[in-house]
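Written below as structure tokens is the structure these notes are about.
Rule-based calculations on the coordinates, nothing more; no lab input. Here the structure is a predicted model, which is why all the values come from computation and not from measurement. Ideal geometry is used to build each Cβ from the backbone, glycine not excepted, and the neighbour counts take in all protein chains shown.
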Amino acid sequence: MTEIAMLSHTGSVEALTVGQVAQTFGVTVRTLHHYDAVGLLRPTERTRAGYRLYTSEDLQRLSSIVIYRRLGFALEEIGELLEADGAEVVDHLRRQRDLVRDRLAQMTELVDAIEHALEAEMTDQPATTEDLKALFGDGYNEEYQAEAQQRWGDTDKWEQSRQRQATMTKEDWARIKAETEAFEADLAAAVRDGVPTEGDVAATLAERHRASIERHYDCDHAFQVCLAQMYLADPRFTAHYEDIEPGTAQWLHDAIVANAARHTG
């Protein structure tokens, strides 16, 4: 039974002392003394030693006081309500109901604002390993990550990559994934259409490839050529590009080399 329900079902009980009332109904002795002092709740009986005793009627009055206080009424208003007739009580309660509804609406708006702020704060958090697994699926390989760190962990580019990726959010990675998929679709189309690797279309694709690398670490044209060579030398990279479109690994390599020659003279 809730506290208010308990207060509403006091029934006929023996008179209780201040301490017993405080313990039973969850109010402080000081509060009961204050209610007595202001005339809001004066215990009906006293012991021979002069201690206050609360009768069943007193406890029923206390239950009303507690409920009204929960509704936000001031003690003066509660005193008026306790002395009012039925029509006045209904009028007071209707006004208070409207006030409570207004507060609920304000609190709902506040909760929504907090939710939005929390969502924005969580959005700004760096992506976790679990986020990346959910986003990339089989494309995220922890073993490859460990191998890459072992091979290049002592290089400046690895440190650059670590620092930049440490601040990337799940939304950042989702955008990178979408851009990568768009790049690979355009790359496959160029290979299928037999676009020459020395032309402007190939140069544009090579620059898009280099820009995607530079999200993680600085990549000049010479270093990009080194990556292109790895795409042919490492079977895993070759297989990735060949799955996009047969001949893509060699085409991308040649396009990167030709574009680098353009920029280095």
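A few notes on this one:
- The chymotrypsin sites (Phe, Trp or Tyr not before Pro) of the stretch 5-105 that meet both conditions, a loop assignment by DSSP and at most 15 other Cβ atoms within 10 Å of the site Cβ, are Tyr51.
- Ranked by how many other Cβ atoms sit within 10 Å of their own Cβ, fewest first, the residues Glu184, Glu159 fall in the order Glu159, Glu184.
- Modelled spin labels at Asp186 and Glu242, positioned 7 Å past Cα toward Cβ, are 2.6 nm from each other.
- Cα-projected label distance for Ala105 with Asp156, points at 7 Å along beta-carbon direction, nm: 6.2 nm
- In terms of other Cβ atoms within 10 Å, Arg215, Arg262 run from fewest to most in the order Arg262, Arg215.
- Fewest-first ordering of Leu187, Leu40, Leu104 by other beta carbons within 10 Å of each residue's beta carbon gives Leu104, Leu40, Leu187.
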